[in-house]
Structures are given as C-alpha cells and as structure tokens.
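Report on the following structure.
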Ligand code: HEC
Ligand code: HEC
Ligand code: HEC
Ligand code: HEC
C-alpha cells in the first residue's frame, strides 16, 4: 500500500473507534500510558493482534535473521542500528515491508528481509514489539547535552560591535554606511562571506568578520532580518526622486517595483542609505565592486542619474524579508508529539515511538526524510523546514525521553 493511502486509513481509524481495550505494561513501574486502539485496516494491524504462538514463531525468526544486528532484546549497541524493542507493532510491520519492496532502501535491512514471507514479517514485528523498550541509559546519549544557543540571541551577541557604524537596530545614521535591515539573510550572508574572501574588497569589514564562523554569520543575518526595518536616518543626496523613479524601471525586474526585492540573493534597495547607494552603484560602474549581474545595469548610468536613483530608493519604504522566527526545540517537539505521542511515546500502532531511540539514528532518518531518500508525506512536510541544528536538537531531545511500552489490543471480529 502506498504511504498516502495509509494516511487515509489513519483518518478512518479516528472515526471508526469501536473499542478501547487498553492494556499497558511498564515494568519500571512508572505511570501508565492510556491507549486507545481502534479497529481499522486489518492488514496493517495484523502485527497488533498477533497471538502468543505467532510471537513465539517471531522469536525463532529473530534468532535466525535479525539478532546478529538487533540482538534478541532489540536493544542496539551499535551506531546506525535503531532500537526496535517495544516499538509499535503495526509500524514495525510496515517498515519491514518498505525494506522488502525497496521503498526504504537500506542494504543491511533489504538483505535481511528479502526472503521472508509477509506472515514472517508480521510475526517478527510482533516479537520485537512485545519486548521491553531500551532502558533510558542504553540510548548512548549523555544526560543533558549542552543546549544549542538560541540563534537569535547568538546573532544579537555577535552583532554587538556593528551598531557603531550600521546603527542601533541596523538602521544607519551615518552617510555612506549601509543599513542592514530589510535584507534577506541569504544576501547578508553572501555579502559578509564576500568580504572574508576579498571577492568584495573592504579591509575594515574583512577584519571585523574574519573571526566569525559561518554559524555566526547565519545568526547575525537572521538577527538583522527579524528587526523592524525603517528608512536610514541620514540626509538625502542631491537627486530628484521623480527622475529616479523613471530610471528605476530598468532595475525593477531584479530589485522589485518599489525597491523591495522578491529574490533572496538580490538585495532590496528600499530605504537604504542614500550616499551608500551612490557609492555602491559607482563601484559597480568603475569595477571596484565586481559583480557580473550589476556591471551591465550600472555601466550606462551617468552621475546625475545615479543620484536620482539613490534619492528614489532611499525614499521608499523597506519591508521585512520573508523569514520567520525559528522555533525552539520545545516548540517543535509540541508539533511532533501531536502524532508521536506525549514525549514521543506513540499510542498509535502505526506511528513510531521516538522516546529513548538512539540519537544518531533519529538524526540520520530525519535527514533521510529531508533529502527525500526516505519517503513519508507527513514527515517530509515536517522535515523540509527543519534545519540541521533543529534536527540535532530534536534527536537529542527524544533520545533523552523515557520510553514506555504499550500493549495494544484490538477487538476480534466475529
Ligand atoms: C546486517 C544488520 C541487520 C540485520 C541482519 C537486520 N537489521 Fe534491521 N536494521 C539495520 C539497520 C542498519 C537499520 C537502519 C536502516 C535505516 O536507517 O533505514 C535497521 C532498521 C530496522 C528497522 C526500522 C526501525 C525503525 O525505527 O524504523 C526495523 C523495523 C528492523 N530493522 C527490523 C529488523 C528485523 C525484524 C530483522 C530480521 C528479520 C532485521 N532488522 C535484520 C540492520 C540490520
Ligand atoms: C567601522 C565601521 C563598520 C563596522 C564596525 C561594521 N561595518 Fe559593516 N560596513 C561598513 C562599511 C563602510 C560598509 C560598506 C562597504 C562597501 O562599500 O562594501 C559595510 C558593509 C557591510 C555589509 C554589506 C551591506 C550591503 O548592503 O551589501 C554588511 C552585511 C556588513 N557591513 C555587516 C557588518 C557586520 C555584521 C558588522 C559587525 C560584525 C559590521 N558590518 C561592522 C562599516 C562597518
Ligand atoms: C539583472 C538583475 C539586476 C538588475 C537589472 C539590477 N540589479 Fe542591482 N543588484 C543585482 C544583484 C544580484 C545585486 C547583488 C550583487 C552583489 O552581491 O554585489 C545587486 C546589487 C545592487 C546594489 C548594491 C546593494 C547593496 O546593498 O550593497 C545597488 C545599489 C544596485 N544593485 C542598484 C541597481 C540599480 C540602480 C539598478 C538599475 C539601474 C540595478 N541595480 C539593476 C541585480 C540587478
Ligand atoms: C502528521 C503526523 C506526524 C508529525 C506531526 C510528525 N511525524 Fe514523525 N512520523 C509520522 C509517521 C506516520 C511516521 C512513519 C513514517 C514512515 O513510515 O516513514 C513518522 C516517522 C518519524 C521518524 C522515524 C522513526 C523511526 O523509528 O524510523 C522520526 C525520527 C520522526 N517521525 C520524527 C518526527 C519529528 C522530530 C517530528 C516533529 C518535527 C515529527 N516526526 C512530526 C508522523 C508524524
């Protein structure tokens, strides 16, 4: 069955709840997990309703085909191999099928399940699901890894020395100094890197940025992009706004109609400091600021038109670039828990538990979703917007949660 069809069934489950036969086991004696189980697609839930005999058969298969990697206890001792003990049975079965059809390509796993019948997959899934989950300490994660600093705060700190020239809040008060607000982080990062590599020559900017890491540059750019933009607070240049507006028709295709660019790598010019606009345009014209795209448009401009353009753009209203404040790990986890259960202890037999899973594995599969090497519509939508840091933090977060086993029971139909 295709994955999107599965989601349709998932919705159906919710509507078709026929019974709640919740049984919970948790040998550690911690509070029990309430579990609602419904009657849904029989095929997907076969592993959920496996009999003791089937579980015993599953144990035999595990011994022969799985134990050398997953152990008989389903608790991994090696990097890259997930814990599967106590994982939700319907999910385990579906993943084994995905390996078998090659839908979730993995050499080690594809080989292990290649010659097993679907009955065998059901049985071995039921066996591992019936085991106690990995003890929290076995997940190989240090108790409380250093929390990744809030990128916004990091950006603010790293930009502390910039305000003297670029203005408090990134709004310039000094003629010739560019404002840093209203610019897309992609452009800002590229501009800062260009100073570091001398592709854009400016000794002061270079010396100020040399000690900054790529992560610093990203956070600085995000910090400025999220500030409220305003026009630079400097005197106008000697140019005519009306004539500038007419001349700007040649620039609008790239810089936007009112100087608000729709392309992250093309800077917005609206509200930019007027003297800086003049200097920058002249620098493209005389070749001291080298850029293939700008060389052409700047070449044809005379000094008076350059002033008019600067007067026009400086007079426009800057807009914030299209970026959102990043979510904290706790905010992300709230979204994840909607499907994966409280603290990653899923109560849906088809949705994997994340609690206590190995961090290295969680990190790997989240990257697999992000790059679409592992396909799942709900997860692709989630992971597309996760950055590498978010992924590492979420992996560490879930690996630290205490896993709880769940025993599902579904009503037998007559
Ligand atoms: C040669 C080593 C090896 C063998 C043998 C093996 N596995 Fe795996 N298994 C892995 C690795 C590595 C992964 C992670 C693959 C990935 O990232 O997709 C994995 C992943 C899985 C997953 C996915 C877990 C999840 O949370 O999504 C399941 C289920 C699983 N194995 C069950 C089994 C079963 C059942 C058997 C026996 C029939 C078996 N494996 C045999 C190495 C092995
Ligand atoms: C001593 C004054 C000074 C300080 C301090 C300073 N800058 Fe600059 N910055 C400039 C000048 C001058 C320019 C224009 C250089 C040019 O013409 O390329 C500039 C240009 C820039 C640009 C390019 C803007 C654009 O629109 O292309 C960025 C980005 C930037 N600075 C970031 C920073 C950051 C981040 C800091 C703090 C770490 C900082 N600057 C500190 C003087 C300064
Ligand atoms: C084909 C697309 C294109 C056109 C047309 C274009 N630009 Fe640009 N412009 C760019 C790109 C891309 C950059 C960033 C180049 C860089 O990194 O130095 C840029 C940068 C600039 C900058 C520097 C901004 C800053 O913050 O440092 C100014 C000023 C500018 N353009 C003015 C103009 C004017 C005035 C016109 C019309 C006469 C114009 N551009 C036409 C693509 C274009
Ligand atoms: C809309 C429901 C939904 C949301 C929200 C969701 N997931 Fe999932 N997740 C799933 C489903 C369904 C699967 C199984 C997909 C598959 O078969 O590959 C899954 C699989 C996973 C896996 C693979 C587990 C394993 O054992 O291989 C990880 C890791 C994961 N999700 C993490 C997350 C994180 C982190 C978030 C929040 C950023 C999240 N999920 C949000 C539904 C969801």
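Of the residues 293, 373, 317, 402, which single one is surrounded by fewer than 19 Cβ atoms within 10 Å (Cβ to Cβ), modelled with pLDDT of 95 or more and outside any helix (DSSP H, G or I)?
Unique residue meeting the criteria: 317.
Pairs needed: first member in segment 98-126, touching a residue at least 12 places away in the same chain (Cβ under 8 Å); second member anywhere, in a loop (DSSP other than H, G, I, E, B) and near ligand 1 (Cβ under 9 Å from one of its atoms); C-beta distance under 7 Å; at least 6 residues apart or different chains.
Between residues of segment 98-126 that are touching a residue at least 12 places away in the same chain (Cβ under 8 Å) and residues that are in a loop (DSSP other than H, G, I, E, B) and near ligand 1 (Cβ under 9 Å from one of its atoms), the close pairs are 99/106; 104/374; 112/66; 124/66.
Quick one: residue 218 ticks every box in (1) out of contact with any helix residue (DSSP H, G or I) (no Cβ under 7 Å at 6 or more places or on another chain); (2) at pLDDT below 95 except a single one, so which number is it?
(1)
Listed here are the residues, each with its yes/no results for (1) within 16 Å of ligand 4 (Cβ to nearest atom); (2) at pLDDT 70 or above; (3) over 32 Å from the mean Cα position of the chain (by Cα); (4) within 18 Å of residue 399 (Cα to Cα).
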| position | (1), (2), (3), (4) |
| --- | --- |
| 35 | no, no, no, no |
| 45 | yes, yes, no, no |
| 52 | no, yes, yes, no |
| 60 | no, yes, yes, no |
| 77 | no, yes, no, yes |
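Does segment 322-330 contain any residue that is within 16 Å of ligand 2 (Cβ to nearest atom) and either touching a strand residue (DSSP E or B) at 6+ places or on another chain (Cβ under 7 Å) or outside the structural domain of residue 219 (by TED's automatic domain parsing) (or both)?
Yes, because at least one residue in segment 322-330 is within 16 Å of ligand 2 (Cβ to nearest atom) and either touching a strand residue (DSSP E or B) at 6+ places or on another chain (Cβ under 7 Å) or outside the structural domain of residue 219 (by TED's automatic domain parsing) (or both).
Condition first: free of Cβ contacts under 8 Å to residues at least 40 places away in the same chain and within 24 Å of the chain's Cα centre (by Cα). Now tell me which residues in segment 150-190 satisfy that.
Correct list: 153, 157, 188, 189.
When the residues of segment 252-266 are narrowed to those that are more than 10 Å from ligand 3 (Cβ to nearest atom) and closer than 16 Å to residue 188 by Cβ, which ends up surrounded by the most Cβ atoms within 10 Å (Cβ to Cβ)?
260
The values are calculated or read from the model by the stated rules, or taken from the named source; none is laboratory data. Remember, predicted model here, so these are calculated numbers, not experimental data. As a convention, Cβ positions derive from the backbone with ideal geometry for all residues, glycine included, and neighbour counts pool all protein chains shown.
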